[in-house]
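Since the structure comes first, as structure tokens, the remarks are kept for the end.
The numbers here are math on the coordinates, done by the rules we state, and not lab data. It should be emphasised that the depicted structure is a prediction, and the values quoted were computed from it without experimental measurement. All Cβ positions, even for glycine, are placed from backbone atoms using ideal geometry, and neighbour counts span all protein chains on display.
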Amino acid sequence: MTHYAEVIGDPIAQSKSPAIHNFWLGKLGVEAEYRAERVADGQLESYLSRRRGDADWLGCNVTMPLKLAVASLLDRIEPRAQAVGAINTVFRGEDGALVGDNTDIVGFLEPLERELSQQHLFRMARIIGTGGAARAIVFGLAKQGFTLVLAGRNPAKARALLDELAPSGEHHAIDLAHFADATDFAFDDREGCFDLVVNASPLGMRGQAQLAFDWSHAPPGSIAYDIVTDPTDTSFLANARAVGLQTIDGLAMLIGQADHAFRHFFGVQPPREHDAELRELLLG
């Protein structure tokens, strides 16, 4: 039998994770596989029970709608995942225990490393979404000194999320509809500032409603970042480019979080020198 890891969720057919991990395994010549398994919310406990007894199973990535529910079924949770309250990676510890981690945090921050290494007078992020991925992003950006504006369909849920994950700082929770209409707000001088606009929701994903965001809400020089991966070039990003903003697509975060999950599963670092080839594969 072959050692394997997999990604679980519902739906799962559209996941690009198997292509990423199997590309790296092939480049490294590692005899292992990475698969996709459809697991609905009510099937999670039985799935983990079966995998516990499978000596070839190395772990799994966890996607919608399981990132929150999986925590109660594990033996241990890494501190960053415990803090965020959402898990996207489950792996076997050296003692055989099932351990939960959140690699979304480092994956999201990876393409921002150059900007984050610089000093800024002020950092602000406008974030859309209040789900599992948004929790990791709120936590990660708060740790990087950002003032956050979190928008969701339920502002009370957004407020509670900020209070839980970013209790210090002057953060704001607003209704998602606030960003849909144009604003005539005159932004001040943004020199020395770092502004992000992040879609951390499923809006704009294939089969989902489009995200209504008017780019008059984005300060000049903002970076637009969309974590949606299907399609990779969303309307959100296309509209941001149309007003002259730099963009980061969801593949950047997906590859970044997969890097750290791959190390958990297979015990080696992925060959990131092939990132350009990998992106071509994923976009093909």
Open item on the list: Compute the angle between helix 155-165 and the longest alpha-carbon principal axis of the chain, please, reported from 0 to 90 degrees and rounded to the nearest 10.
Closed with: 60
Task: Relative contact order (%) - criterion: Cα under 8 Å, at least six apart; region: the stretch 47-165 - done: 20
Open item on the list: As I understand it, the value is the acute angle between the Cα axis of helix 132-143 and the longest principal axis of the Cα atoms of the chain; what does it come to in degrees, rounded to 10?
Closed with: 60
Open item on the list: Relative contact order for the stretch 199-284: what percent, with Cα pairs under 8 Å and sequence separation of 6 or more?
Closed with: 23
TODO: Treating cross-link reach as a plain straight distance, find the lysines whose alpha-carbon is under 27 Å from the alpha-carbon of residue 157, omitting any fewer than eight places away in the same chain.
DONE: 67, 143
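Please give the peptides 228-234, 251-257, 108-114 ranked by average Cβ packing (other Cβ atoms within 10 Å per residue), highest first, as a rough proxy for protection.
251-257, 228-234, 108-114
Is the shape of the stretch 85-174 rounded, prolate or oblate, going by the alpha carbon gyration tensor and its root eigenvalues a ≥ b ≥ c, with a/c under 1.5 for rounded and a/b larger than b/c for prolate?
On the way: a/c = 2.49, a/b = 1.37, b/c = 1.81.
Oblate, since a/c reaches 1.5 and b/c is not below a/b.
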TODO: On a C-alpha basis, how far is the centre of the stretch 114-170 from the centre of the stretch 222-248 in Å? Whole number, if you could?
DONE: 19
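Shape call for the chain from the C-alpha gyration tensor, a ≥ b ≥ c root eigenvalues: rounded (a/c under 1.5), prolate (a/b greater than b/c) or oblate?
Values: a/c = 1.89, a/b = 1.61, b/c = 1.17.
In terms of gyration-tensor shape, prolate.
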Task: Rounded tilt (10° steps) of 17-28 against the dominant C-alpha axis of the chain - done: 60
Task: Average Cα contact separation per residue, the chain, under 8 Å, 6 or more apart, as relative contact order % - done: 17
Task: Gyration tensor verdict on the stretch 106-248 (Cα atoms; rounded if a/c is under 1.5, prolate if a/b is larger than b/c, oblate otherwise) - done: rounded
- [ ] Give the long-range amide H neighbours of residue 103: residues separated by 5 or more places, or on another chain, with amide H under 5 Å away, using H modelled in the peptide plane at 1.01 Å from N.
- [x] 88, 89
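Given the rule -39500 (n - 2.57) for each run of at least 4 DSSP H residues, summed and divided by the residues of the chain, what is its mean residue ellipticity at 222 nm, to the nearest 500 deg cm²/dmol?
Values: 10 runs with 94 residues, N = 284.
Per the formula, -9500 deg cm²/dmol.
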